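One structure is given here, and the rest of the page talks about it.
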Amino acid sequence: MRRWRWLLFLVVPLVLATGWVLRRAQVPTTPQVFSAPRPLPTGSPLGRPAPGFLRETLDRRELALSELLGKPVVLNFWASWCAPCRAEAPTLAQAARRFRGRVHFVGVNVADEIQEARRFAEQYGLPFPSVLDDDGSLLRAYRVVGLPTTVFVTASGVIRDVHAGPFLGAEGARRLEAYLLRLLKEP
């Protein structure tokens, strides 16, 4: 009988510790928030066709990726609760104004309340539409693991570049412009 007690004292803590470790190792269901540029995860979508979508925008219109092709497209994944997204919003708005007519900018709002998303777009004067990704399917389709992430799609619909992290300050603006100029050279 004593042997069983000792065995219980050893096995029960071991089982509890294993459960705790496994629970901590689970992948979160909401995206990470990036505060600085990050390397792309494995299985990068670079060079692949951009997954198509037809989504409702913040102003309740429908927007399809297919209607934008013919010009390059910049998809920016963001959320109002994401501090780095707030920090990069002015840089994106400025670039969208500067490249208007040459590049389509589209926000992809992730896991957000629609009123908060609208308030964010208004507060930062985003001059481009934002589609809603309530269920995270666009997040998964584009293999986005953190916010903000910006995906650069060629005029022919191929993913040219992915930037994980915010574009901040003068250096961020220069980096974003470099991506845009490279994108404009692609077919």
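Where a number appears in this text, it was derived from the coordinates with a stated rule and is not lab data. The structure displayed is predicted, hence computed values, not measured ones. Every residue, glycine among them, receives a Cβ derived from its backbone with ideal geometry; neighbour counts consider all protein chains shown.
Worth a mention:
- Relative contact order %, the range 30-185, counting alpha carbon pairs below 8 Å whose residues are six or more apart: 36
- Under the Karplus curve 6.51 cos²θ - 1.76 cosθ + 1.60, θ = phi - 60°, whole-Hz ³J(HN,Hα) for the range 135-148, x wherever Gly or Pro sits: 9, x, 5, 5, 4, 5, 4, 8, 6, 7, 10, x, 10, x
- Along each principal axis, Cα extent of the range 94-187, largest first, Å: 37, 28, 24
- Among beta bridges from DSSP that stay inside the range 30-185, the antiparallel ones total about 55%.
- Residues whose placed amide H lies under 5 Å from that of GLY107, excluding near-sequence neighbours: ASN76, SER130, VAL131
- Per-residue extension of 0.36 nm, minus the Cα-Cα distance of LEU184 and ASP134, leaves a gain of 14.9 nm for this segment.
- Residues THR149, THR91, sorted so that the one with the fewest Cβ neighbours within 10 Å comes first: THR91, THR149
- Stretched out straight at 0.36 nm per residue, the stretch from GLU116 to GLU62 would grow longer than its current Cα-Cα span by 17.5 nm.
- Rounded to whole Å, sorted largest first: equivalent-ellipsoid semi-axes of the range 136-187, Cα gyration tensor: 19, 17, 5
- For the range 30-185, the convex hull spanned by the alpha carbon atoms encloses 99 Å³ per residue.
- The order of SER156, SER130, going from fewest to most other C-beta atoms within 10 Å of their C-beta, is SER156, SER130.
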